[in-house]
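No value in this document is a laboratory result; all are computed from the given coordinates. As the structure is a prediction and not an experimental result, all values here were calculated from the model. Backbone-built Cβ (ideal geometry, glycine too); neighbour counts: all protein chains shown.
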Amino acid sequence: MEKSKKIISEYRILQHILYWCVSYYYLIHFFSITNNIETIDYIYTAVFHITIVLAVYVNLFVLVPRLLGRKKYLLFVLCVIALLAITAWLNSFIYNYAIDFFLPNYFFVSNFSFWQLVQFGFVYVAITTLLKLSRAWFKLLESQNHLIRLEKEKANTELLFLKMQINPHFLFNSLNNIYSLALKKDTMAPTSILKLAEVMRYMIYESNENAVPLQKEIEYLNNYIDLQKLRTRDNASVVCNITGEPANRYIAPLILLVFIENGFKHGIKATIHQSYVNIQINITDEQLQMRVENSKGVIDEVEKDANRGLGLENVKRRLELLYPGKYELTIHDTDKKYLAVLQLPLQKRNNQ
């Protein structure tokens, strides 16, 4: 870090030296009376730069940061005017009086009027101020771009973390279902394991992108619903209707799962006389709407653990990161019924 600061500092010093070399080269030709530049021209131009350099650096190191940088615009303008006046007066004083003490063999007089000297100073102060502001603007732009990159990396990291939370959350629920079938020595347990393997294959290998084909996501949801139907058998009503054409549409992976999973988790219970889960997915050209409605029963001890609600809070955060201001989520929660309605935009293939 210290080494990089030193390099930047040395680079800025070289820039300043180059600037004043160009200025000296221009003014020495501007001040020269003949085409042949003589010793007196070198001396006159060097002395002329003393007041100009003083005005420039007082402005850059004092007025700009302390006044312009703090948005004290009127005071900044007044101070610049005073600085230019002082610089013009000091230039006249040096050439008409002070220089005789240091260079008595030369007869120097100020070749410019007070207002001409003010104009000289104004040009230099204005140019260097604009250069400083331009550099500050580019640094601000670079900082903003860096901040945007950091925010994007943070969002991507958070999304990855949230997706990693989904897998164990879903896996634990599914294993509980299969465990129940195994306890009953149900012949559907092996089929359930195969269905779970298909679902996990999609979650592990095919859902690593920010957007996946909607058709694949729906196939995955159908496999999950079939897995849950194996558990519920005829003990509950499970209805799933999907309308519309999913081809050439893309969606964030695993964004719909939590609502369907919660529907089965809380809607299919032995304590409910008529358990049901109703799933409706409508696909249009540019958006998807999903309605998941389920019955509600008594919450058992397993559901009262510290992880209750993790899946729902997870998916809400993912929606905020992936569809900021573009999705609508409405939840109606009563004693006997739970309804979640999600609407979000779909991406098309040519937008990938």
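Here are some notes:
- From the alpha carbon centroid of region 199-224 to that of region 14-78 is 67 Å.
- Footprinting exposure proxy for LYS337, LYS139, LYS265 (fewest neighbouring C-beta atoms within 10 Å first): LYS139, LYS337, LYS265
- By other beta-carbon atoms within 10 Å, ranking THR128, THR187, THR51 with the fewest at the front produces THR187, THR128, THR51.
- Counting 0.36 nm for each residue step from THR284 to MET188 and taking away their Cα separation leaves a gain of 30.9 nm.
- When the listed pairs LYS296/LYS348; LYS195/LYS336; LYS72/LYS132; LYS216/LYS337; LYS229/LYS296 are checked against a 28 Å cut-off, the alpha-carbon distance exceeds it for LYS296/LYS348; LYS195/LYS336; LYS216/LYS337.
- Multiplying the residue separation of ASP333 and LYS71 by 0.36 nm and subtracting their alpha-carbon distance yields 89.1 nm.
- Dipole orientation for region 22-137: of the candidates LEU54, TRP115, GLY69, GLY69 has the Cα lying most toward the positive pole (charges on Cβ; Lys, Arg +1; Asp, Glu -1).
- Efficiency of FRET between VAL123 and SER143 - r from beta-carbon atoms, R0 41 angstrom, step 0.05: 0.85
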